[in-house]
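Structure, as structure tokens:
The values are calculated or read from the model by the stated rules, or taken from the named source; none is laboratory data. Every value quoted in this text rests on a predicted model; they were computed, and no experiment measured them. Neighbour counts are summed over all protein chains in view; Cβ atoms, including those assigned to glycine, are modelled from backbone coordinates with ideal geometry. Each accessible area value is taken on the protein alone, full model and side chains, heavy atoms only, with ligands, DNA and RNA left out. Shrake-Rupley method; radii C 1.70, N 1.55, O 1.52, S 1.80 Å.
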Amino acid sequence: MEKKWWKESVVYQIYPRSFCDSNGDGIGDLKGITSRLDYLKELGIDVIWLSPVYQSPNDDNGYDISDYQAVMEEFGTMEDFDEMLAAAHKHDIKLVMDLVVNHTSDEHRWFVESRKSVDNPYRDYYIWRPAKDGKEPNNWGSCFSGPAWEYDPETDMYYLHLFSKKQPDLNWDNPVVREEVFQMMNWWLDKGVDGFRMDVISLISKKPDLPDGVPGINGYASFNEPANGPRVHEYLQEMRQKVLDRADTITVGECSGVTLEEAKKYARSDGKELNMVFQFEHMDVDADGTNKWSDKKMDLRDLKEVMTKWQKGLEDIAWNSLFWENHDQPRCVSRFGNNGVYREASAKMLATCLYMMQGTPYIYQGQELGMTNVPFENIEDFRDLDSINAYYELTGQGVFSKEEMMRFLRYKSRDNARTPFQWNDKENAGFTSGTPWIMVNPNYKEINAEEQLAREDSVFHYFQKLIRLRKEHEVIVYGTYDLLLPDSKEIYAYTRTLGEQKLLVVCSFSAEQVDFEIPAEFLKGEILIQNYAGSRVPGMDGLSSPESENVEQSGHMTLRPYEAIAVLL
Ligand code: GLC
Ligand code: CA
């Protein structure tokens, strides 16, 4: 397997609006980020992925861009950006920009022109169609509820928006659009940024006839309908030639609706397209069929099946990205772990389970503290248009009651990940001296960075150690993955193998004790990391529990709730 720096790096995602506010307006900003680089350095990450900071009317918190070459005023100035970039580089941290080019804002000057008339030079920058039988041109739904088409009286036609109606889709089949995007990307590369995370890049190429899809619970076909379209790989190869190959970049494509076969093309190891993709199959293990709005708990066997499919499926062919969280997902302790007494144990276990796999790790801000979902009380507590629209659409159509929908939102809403970063136990968790744009999670007095930095056995220090271990042992980065115990409902265990090096990872997803037999060969091993003090593995090095001395050497182990252990041979 070819060694690459981006395979050995750990990426940290910053959602700027919620990270750190430097001027008391309640909104996180670039100067705030610059002031916290020492913290990130201490954690040990190599790369920052910055969610969008471009000029935007903020219909979708910056994922609706009105000028790709200007900074959102609320976040600061271009000088602030340059300072932040220079300071990050000084800390030896790379910076990845969020590239949102499936769509722009409807306030982007291209769209303002495009909607004026059918012969405007910008008309063909977007996807316009006449009505079909007096209605929308097809049955596609927006990701954020309702149809994916908006009627525009000016020219008596509809435009396509797979996201909100303030996010019209660009027409990538128009070569002029592609040139505009590539030029803009080159402008950022010239500034010195180190790569791009590409927002819903799997959706950019639409089938020319825009065929209907299968309707979901709200009557519309999924916004994912155009995923992996006919020319997407051609466009990415063009981007590789005209932009990405000009520098030693790191690239990750957000590929909703991606299949294993498609991912092998996007993240092909010959380097013709992207370095890696985000796939989302493991984020669907607790969906209700194709509907994400549910509070169903996952079955661990499903999670293992999906993760294993991707670990084995991309082996030697492409490269995985490892994530449990991002700004679109709820908090993983609340979702796959335990919010109560085992919060810290389960946050550490989940990190062990994921970051010992093959792929580039992504940590979402606050995950390294074990931040949790938020006890939102009313629909008015939410800021995310996805959550708000879904609430009104699905309760309005009678698909779910208000109580049900609030329960689902508390479990799955994107706002669970978007409340302010918890820096300390002072007012507003030290995020702002003003009024935060979204409520602070009331548990900040207990869960915050200051407390965890000062405590050796904190989740923060555990993440720090996991990151360090990846640097010290190549088997964690490059080893081959093999699943053990596929049928266990409680234990996720696997091995990694690289030449003579062998690693065993054992994670309990249960709040009860569970028995586990360590494979005999690993009894000679060394414990690399564990989330409880004293592992109770009889006879094994690194063991500190006193009762073990009298126990005969055997591989029997009783895993405590959410226990995790990694053993290196
Ligand atoms: C991606 C982003 C999400 C955004 C959407 C539209 O999925 O991660 O936050 O709402 O694309 O840009
Ligand atoms: Ca601010």
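Scanning for something of a type outside the set (Phe, Trp, Tyr) and within 16 Å of ligand 1 (Cβ to nearest atom), does segment 339-353 turn up at least one residue? Checking segment 339-353: not a single residue is of a type outside the set (Phe, Trp, Tyr) and within 16 Å of ligand 1 (Cβ to nearest atom). Taking segment 383-403, which residues are out of contact with any helix residue (DSSP H, G or I) (no Cβ under 9 Å at 6 or more places or on another chain), in contact (Cβ under 8 Å) with a residue 60 or more places away in the chain and more than 18 Å from ASN416 (Cβ to Cβ)? Selection gives GLU393, GLN397. Using the structure shown, decide if ILE27 is farther than 15 Å from GLN365 by Cα, more than 16 Å from ligand 1 (Cβ to nearest atom) and part of a loop (DSSP other than H, G, I, E, B). For ILE27, the condition - farther than 15 Å from GLN365 by Cα, more than 16 Å from ligand 1 (Cβ to nearest atom) and part of a loop (DSSP other than H, G, I, E, B) - is met.
Exactly one residue out of LYS31, LYS94, LYS90 is over 30 Å from LEU236 (Cα atoms), of a type in the set (Lys, Arg) and away from ligand 2 (no atom under 16 Å from the Cβ): that is LYS90. Taken over segment 109-131, residues that are open to solvent by 10 Å² or more (accessible area, probe 1.4 Å), of a type outside the set (Ser, Thr, Tyr) and farther than 20 Å from ALA221 by Cβ amount to 12. Residues of segment 237-245 include none that is open to solvent by less than 40 Å² (accessible area, probe 1.4 Å) and under 21 Å from the mean Cα position of the chain (by Cα). In segment 132-141, what residues are surrounded by fewer than 22 Cβ atoms within 10 Å (Cβ to Cβ) and within 23 Å of LEU203 (Cβ to Cβ)? Within segment 132-141, LYS132, LYS135, GLU136, PRO137, ASN138, ASN139 meet the criteria. One residue stands out among those in segment 266-281 that are under 24 Å from GLU179 (Cα atoms) and buried (at least 20 other Cβ atoms within 10 Å of the Cβ): the one that is nearest to the chain's Cα centre (by Cα), which is VAL277.
Scanning segment 167-183 for residues that are buried (at least 23 other Cβ atoms within 10 Å of the Cβ) and either more than 11 Å from TYR125 (Cβ to Cβ) or within 16 Å of ligand 2 (Cβ to nearest atom) (or both) returns a single hit, GLN167. Selection of segment 270-289 for residues being polar (S, T, N, Q) and touching a Ser or Thr at 6+ places or on another chain (Cβ under 7 Å) yields only ASN275.
For ILE65, are the conditions met, namely being of a type in the set (Val, Ile, Thr) and either within 16 Å of ligand 1 (Cβ to nearest atom) or without any contact (Cβ under 8 Å) to a residue 40 or more places away in the chain (or both)? It is true that ILE65 is of a type in the set (Val, Ile, Thr) and either within 16 Å of ligand 1 (Cβ to nearest atom) or without any contact (Cβ under 8 Å) to a residue 40 or more places away in the chain (or both). Taking segment 486-522 as the range and being free of Cβ contacts under 8 Å to residues at least 40 places away in the same chain and open to solvent by 30 Å² or more (accessible area, probe 1.4 Å) as the test, the residues that pass are THR497, LEU498, GLY499, GLU500, PRO519, ALA520. Checking each residue in segment 249-289 for being part of a loop (DSSP other than H, G, I, E, B), touching a strand residue (DSSP E or B) at 6+ places or on another chain (Cβ under 9 Å) and at pLDDT 95 or above picks out THR249, CYS255, VAL258, ALA267, GLU273, LEU274, ASN275, GLN279, PHE280. Among residues of segment 1-24 being open to solvent by less than 60 Å² (accessible area, probe 1.4 Å) and aliphatic (A, V, I, L, M), the one that is nearest to ARG418 (Cα to Cα) is ILE14.
Residues considered: ASN58, ASN120. Of these, the only one that is within 16 Å of ligand 2 (Cβ to nearest atom) and either at pLDDT 95 or above or in contact with a His (Cβ under 6 Å, 6 or more places away or on another chain) (or both) is ASN58. Being closer than 21 Å to VAL333 by Cα, away from ligand 1 (no atom under 16 Å from the Cβ) and surrounded by fewer than 20 Cβ atoms within 10 Å (Cβ to Cβ) is a description that does not apply to GLU404. Of the set (1) modelled with pLDDT of 95 or more; (2) at negative phi; (3) within 22 Å of the chain's Cα centre (by Cα), all apply to GLU225 but (1). Could you please let me know if TYR444 is of a type in the set (Phe, Trp, Tyr) and surrounded by fewer than 22 Cβ atoms within 10 Å (Cβ to Cβ)? No, not satisfied. With respect to the conditions (1) more than 25 Å from GLU225 (Cα to Cα); (2) more than 16 Å from ligand 1 (Cβ to nearest atom), GLN365 lacks only one, and its number is (2). Consider segment 184-218 and keep the residues that are under 20 Å from ALA390 (Cβ atoms) and more than 16 Å from ligand 1 (Cβ to nearest atom). The one that is least open to solvent (accessible area, probe 1.4 Å) is GLY213.
Listed here are the residues, each with its yes/no results for (1) among the polar types (S, T, N, Q); (2) farther than 21 Å from ASP284 by Cβ; (3) open to solvent by less than 10 Å² (accessible area, probe 1.4 Å); (4) at pLDDT 95 or above.
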site	(1), (2), (3), (4)
MET371	no, yes, yes, yes
ILE379	no, yes, no, yes
ASP384	no, no, yes, yes
ALA390	no, no, yes, yes
GLU393	no, no, no, yes
ASP415	no, no, yes, yes
GLN422	yes, yes, yes, yes
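Of all residue pairs spaced 6 or more apart or on separate chains, those with beta-carbon atoms under 7 Å, a first member in segment 81-101 that is part of a strand (DSSP E or B) and a second member that is within 16 Å of ligand 2 (Cβ to nearest atom) and polar (S, T, N, Q) are ASP98/SER51. Within segment 45-77, which residues are crowded, with 19+ Cβ neighbours inside 10 Å and aliphatic (A, V, I, L, M)? Selection gives ILE45, VAL47, ILE48, LEU50, VAL53, ILE65, VAL71, MET72.
Looking across segment 78-87 at every residue that is exposed (fewer than 14 other Cβ atoms within 10 Å of the Cβ) and not charged (D, E, K, R), the one that is nearest to ligand 2 (Cβ to nearest atom) is identified as MET78. Residue count for segment 299-332 satisfying the condition of being over 13 Å from the mean Cα position of the chain (by Cα), crowded, with 17+ Cβ neighbours inside 10 Å and not aromatic (Phe, Trp, Tyr): 9. Annotation note: Cβ proximity below 6 Å between a residue of segment 4-24 that is closer than 15 Å to TYR355 by Cα and a residue that is open to solvent by 30 Å² or more (accessible area, probe 1.4 Å) and away from ligand 2 (no atom under 14 Å from the Cβ) (sequence gap 6+ or interchain) occurs for SER9/ASP46; VAL10/ASP46.
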